[in-house]
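Q: Have a look at the structure that comes next, please.
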Amino acid sequence: METQKLDRETLQAQRAVRNIVKHDTKILVYSLLGSLFLLYVLSKKFPIVIVLLIPILVMFLAINNWRQWKALIDYKLRCPHCGQVLAERVNFFWSPSPKCRHCGEIALATIKQLEQDEQVDVD
């Protein structure tokens with residue numbers, strides 16, 4: 001895979017989106033663990049409650065996808081190749097792809113690239 005060099009403004013916007021998603025992930029994971037624990041406790045007394053496991057998991061997956069799309073929409077990230085907006089609407093069933101849906105080129109930097117460039121920017 002060919003490495004692309006993104007400009008400083010694009011990297012800063014992508015870092016901001018990544019930080020928001022990381023923060024939201026922590027909250028989402030703790031909420032999921034709390035829900036699963038509560039479900040476990042309730043299932044001891046009411047075994048039928050276990051049927052709520054599937055809706056809870058589906059809901060958390062949908063929320064996970066929503067927060068990723070929402071972060072892309074809020075920061076209005078654009079493809080560095082064609083200039084089109086990467087996300088215009090939320091999709092609950094698919095996670096955002098690193099590729100632009102307009103031109104097919106890779107538009108989002110990897111976590112490794114963002115961390116490396118962060119270290120370079122700080123020096």
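The values are calculated or read from the model by the stated rules, or taken from the named source; none is laboratory data. Only a predicted model underlies this, so the values are computations on that prediction, with no experimental measurement involved. Note that we place each Cβ from the backbone using ideal geometry, even for glycine, and neighbour counts take in every protein chain shown.
Q: Kindly indicate whether K45 is more than 18 Å from W94 (Cα to Cα), of a type in the set (D, E, K, R) and modelled with pLDDT of 90 or more.
A: yes
Q: Would you be able to tell me the number of residues in the stretch 62-97 that are outside any loop (DSSP other than H, G, I, E, B) and either touching a Ser or Thr at 6+ places or on another chain (Cβ under 9 Å) or basic (K, R) (or both)? Before you say what the answer is, go through the steps one by one.
A: As a first pass, look at the stretch 62-97 and keep what is outside any loop (DSSP other than H, G, I, E, B): 62-74, 78, 85.
Retained after the next criterion (residues that are either touching a Ser or Thr at 6+ places or on another chain (Cβ under 9 Å) or basic (K, R) (or both)): 63-65, 67-70, 78.
The number of residues fulfilling the criteria is 8.
Q: Let me ask something additional. If you go through the stretch 64-92 one residue at a time, how many are touching a residue at least 60 places away in the same chain (Cβ under 8 Å), aliphatic (A, V, I, L, M) and surrounded by fewer than 17 Cβ atoms within 10 Å (Cβ to Cβ)?
A: Summing the residues that are touching a residue at least 60 places away in the same chain (Cβ under 8 Å), aliphatic (A, V, I, L, M) and surrounded by fewer than 17 Cβ atoms within 10 Å (Cβ to Cβ) in the stretch 64-92 gives 0.
Q: Okay, next question. Give the residue that is farthest from Q116 (Cα to Cα), with candidates limited to residues of the stretch 24-55 that are among the hydrophobic types (A, V, I, L, M, F, W, C) and in contact (Cβ under 8 Å) with a residue 24 or more places away in the chain.
A: At the first step, the residues of the stretch 24-55 found to be among the hydrophobic types (A, V, I, L, M, F, W, C) are 27-29, 32-33, 36-39, 41-42, 46, 48-54.
Then drop every residue that is not in contact (Cβ under 8 Å) with a residue 24 or more places away in the chain, which leaves 28, 32.
Details: L28: 27, L32: 31 Å.
Result: L32.
Q: Quickly run through the stretch 99-123 and pick out the residues that are exposed (fewer than 12 other Cβ atoms within 10 Å of the Cβ) and either at pLDDT 85 or above or not in a helix (DSSP H, G or I) (or both).
A: D123
Q: Cβ-Cβ below 9 Å, separation at least six or inter-chain, first residue in the stretch 1-23 and among the small types (G, A, S) and surrounded by fewer than 16 Cβ atoms within 10 Å (Cβ to Cβ), second in a helix (DSSP H, G or I) and at pLDDT 75 or above: which pairs?
A: A16/A71
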